[in-house]
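**Student:** I'd like to ask some things about the structure below.
The values are calculated or read from the model by the stated rules, or taken from the named source; none is laboratory data. This is a predicted model, so every value here is computed, not measured. Here the Cβ positions follow ideal geometry from the backbone for every residue, glycine too, while neighbour counts run over all protein chains shown.
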Amino acid sequence: MVADSPTVQKVVQQLLTELTGAPPETEYQSTARLGAELGIDSVGLVFLFSRIAEETSVTPVDYVVRTVGDVERIVTHCLANAAASRNGSSSDPSLGSVDESQRSVEAKLSELVRDVAGDKLSGPIDSQMPLADLGLDSQTIVALFVHVERVFAVKFDLDTPPSCFESIARMAEYLRSDKMSSAAVASMEEK
């Protein structure tokens, strides 16, 4: 499913019409800023996430939402996840198996943790374990984030949800959620 599919467009149109009170025939540009151009504040964003969860049966978490295009990507992602959970796998071949993709990203992140930690880490790494409990010092953690940015072609900034740094599993979820470029996914799978 792609962001320009009729289903995504219909859902996004309906949600924005409810939020803004604009006439149903209003066309929204993907680049339109939710706050500055559409007047949607933080309370409106909470309502938006709630309605996306109702429409897709998937609760969106850890997203930075600034534009209509961001809403389209979230709805696309949630609809794909809803379809995947109903079918046991993704209905969109470009998404691959959600579990397989998650495990693949977690494995690469675990490898990066081992690379930067050196002798500081022994034994298996539980992807659910809080990063803080791995016993890594702050310099090693910073080195890990720099390596993750390079390998996955992302940039952590002030808009990055803090929860993505809780564990390898949470970071993998964040990286898989439209943050990772196709080139980064391909290069990660080749390594």
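**Student:** Where residues in region 13-43 are surrounded by fewer than 13 Cβ atoms within 10 Å (Cβ to Cβ) and hydroxyl-bearing (Ser, Thr, Tyr), which of them is nearest to Val71 (Cα to Cα)?
**Tutor:** Of everything passing the filter in region 13-43, Thr31 is nearest to Val71 (Cα to Cα).
**Student:** Continuing with the same structure: How many residues does region 18-48 contain that are part of a helix (DSSP H, G or I) and either outside the structural domain of Thr76 (by TED's automatic domain parsing) or touching a residue at least 12 places away in the same chain (Cβ under 8 Å) (or both)?
**Tutor:** Residues flagged as part of a helix (DSSP H, G or I) and either outside the structural domain of Thr76 (by TED's automatic domain parsing) or touching a residue at least 12 places away in the same chain (Cβ under 8 Å) (or both) within region 18-48 amount to 7.
**Student:** May I ask you to list the residues in region 140-168 that are hydroxyl-bearing (Ser, Thr, Tyr), surrounded by 16 or more Cβ atoms within 10 Å (Cβ to Cβ) and farther than 19 Å from Asp119 by Cα?
**Tutor:** Residues of region 140-168 that are hydroxyl-bearing (Ser, Thr, Tyr), as a first pass: 140, 160, 163, 167.
Then keep just the ones that are surrounded by 16 or more Cβ atoms within 10 Å (Cβ to Cβ); that gives 140, 160, 167.
Selection gives Thr160, Ser167.
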